[in-house]
Amino acid sequence: MRFLVNEQPGNEVEVSIILTDWSCRESLHILDFLADQSIDRCRYELIWIEYGSKPSEELCKRIDAARSKHQALPVNIYVLMEMPVEICYHKHLMMNLGICLANGGIICSWCDSDAMVRPTFVKSILETFKRNQNIVLHMDEVRNNNQSFYPFNYPTFNDVTGFGCINWVNGMPAGILDMKDPLHSRNYGACMVALREDLIAIGGADMHFDYLGHMCGPHEMTWRLVNTGKREVWHDHEWLYHVWHPGQGGDQNFAGPHDGLHISLLSLQCRNTDQTMPFVENPAIALLRNKLASAGDPKLLDALIDPNWLKDWQYKRLRGTERHYAQGKRKITLTERDNSDDDSTTNVQHQTPSPLFGRKFNKRHLLVLLPIVPGIVWRQLKVKYKTHTWALTRYLHPERRGWLREIGSLKRFLKRILAFDKHWFRACWFILAYAVQSKIQNIIIYGDGDAARILCNMSKNLPITIRGICPLLPNVNTRLFGHKVISEGQLAKTDETIIVAAFVNIPTYLTKLETLGINRKQILTIR
């Protein structure tokens, strides 16, 4: 084990943030976001743990640049564990090392090391624990699969919640709103925060073989903490943001037994029992728990790794028993456990995917949308023709005209807009499914464009009644898309739930509705 940076902070450190790497991080942009926090840098420390022996070139450059300018280093501790390349990574080992090195009373023991966070991230952690310390805190993660953000090009937070976002509903991650299957719709692995003393009291992260590789995370500590009496809390306005990169789902990584939906079977066993201690406790954490050592004690590092683990974790030993992790597929890895005597494990292994908010978009819902799709695409084509280079090329560059070129451009454009429309169809479905989950029976649509058309058609096969449509612009028709038109004055007097049928400029429409005296809790937005 080798320290490249080991700056012991002062007594004012309150939060220790553990960031892990196993030579897989292509971009270290999270350090930029963590350096730009709304509280003083001295109140939190950053611990970067590399599993292998090779330092990150980017991180070393950042450290050298800071030293040359006599500025604060990007991390307080940078340690190389120097594990052999033939050893599969075990994230729980890195988490336990972070607990041993942490100086703060609050540990962010798992923070996605290639995510984005807002300037209020650390402040939100401190304020939450100031209100109540008898908790274990999680922050969900907003995920975007738009590949245009790769390599990471510092998109805005609004960009991440826009086109390509797969879990953004009514201004927050969908998992926070989902009451049907929050266990799988919330990202337990994004960020978990607890008191250091609480993590030590439960024996830290479990070193069991089943947590080797990808199928692991802080959720197993969360559920053991809950078994001790702590309350699981999900932050309601602070979360992380993640954009697409190759292998983001752990594709082709080694994975232990899971329920088919990427939750470890072993952790589910802890959740379904009253277990508080790990199956395999790390020796270094045991020293801390028994008060035989304190933070920074050299014997903690000596006790951290059991030599027998290095034999069991070799890739060559895993071959033959390994089954690749299949993203989104129902699959049990390593062992089926069908012959196990442990019923608590076998009872949870064959899970089936649960659609968000318990509502699945099926062929019947698709059929009611088909009549409006050509009209939507045609309107998009007209806008494209008027504003894009097709029209300009015809007059400014006549030598570049040609039917093959225009057909190729048309095909590419159709592909893009169909992907765009599919994204917004999904977003409209999610907001209606959320309304059904919330037992909302009547809604009013505020809008008169394609979003309103989509919502009206989708609602036909749902237990929802559209009481009326309030157009964004004055409309002389008494009916719109087959529904009664109401004025803004009538809208201001209603007690029904209002859905803002718009894909852009949503803050403007929210402000307008609030000036009408409408309660924000009465309003739902597609984004």
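The numbers here are math on the coordinates, done by the rules we state, and not lab data. Here the structure is a predicted model, which means the values were calculated and not measured. When we count neighbours, we look across all protein chains shown, and the Cβ atoms used for this are built from the backbone with ideal geometry, even at glycine.
Quick notes on this one:
- Highest-first arrangement of 302-312, 114-124, where packing means the average Cβ count within 10 Å: 114-124, 302-312
- Look at the dipole of the chain built from charges on Cβ: of 51, 218, 185, the Cα furthest out on the positive end belongs to 185.
- At full extension, residue 439 and residue 488 could sit 15.1 nm farther apart than now, given 0.36 nm per residue minus the alpha carbon distance.
- Ranked by the mean number of other Cβ atoms within 10 Å of their residues, highest first, the peptides 163-169, 225-231 fall in the order 163-169, 225-231.
- For the chain, the alpha carbon positions stretch 80, 59, 50 Å along the principal axes, listed from largest to smallest.
- Residues whose amide H lies under 5 Å from that of residue 23, counting only those 5 or more places away or on a different chain, are 51, 52; hydrogens are built 1.01 Å from N in the peptide plane.
- Excluding same-chain neighbours fewer than eight residues apart, the lysines reachable from residue 69 by a Cα-Cα span under 17 Å are 61.
- Debye log10 I(q)/I(0) at q = 0.12, 0.17 Å⁻¹ for the stretch 198-322, Cα point scatterers: -0.58, -1.08
- The shape of the stretch 363-525 can be summarised by an equivalent ellipsoid whose semi-axes, obtained from the alpha carbon gyration tensor, come to 35, 19, 13 Å from longest to shortest.
- Rh by Kirkwood over Cα pairs, then Stokes-Einstein D for the stretch 461-515 at 1.567 mPa s and 4 °C, µm²/s: 104
- Neighbour-count order for 259, 421, 495, 32, fewest beta carbons within 10 angstrom listed first: 495, 32, 421, 259
- Cross-link pairs 484/521; 230/291; 54/91; 363/460; 130/291; 180/363 - those with Cα-Cα distance over 19 Å: 484/521; 230/291; 130/291; 180/363
- Taking amide H positions as modeled 1.01 Å from N, with prolines and chain starts lacking one, the residues under 5 Å from residue 472 and 5 or more places away or on another chain are 447, 448.
- Dipole of the chain, positive direction: furthest Cα of 125, 270, 372, with charges on the beta-carbon: 372
- Secondary structure note: in the stretch 363-525, about 15% of the DSSP beta bridges are antiparallel.
- Along the axis of the charge dipole computed for the chain (Cβ charges of +1 for Lys and Arg, -1 for Asp and Glu, origin at the Cα centre), the listed residues 494, 195, 449 are led at the positive end by 449.
- Distance between modelled label sites at residue 496 and residue 145, nm, 7 Å Cα→Cβ extension: 3.4
- Backbone HN-Hα couplings from phi across the stretch 150-159 [Karplus 6.51/-1.76/1.60, Hz, Gly and Pro as x]: 10, x, 4, 10, 6, x, 6, 5, 5, 4
- Annotation: the antiparallel percentage among DSSP beta bridges lying fully within the chain is about 35.
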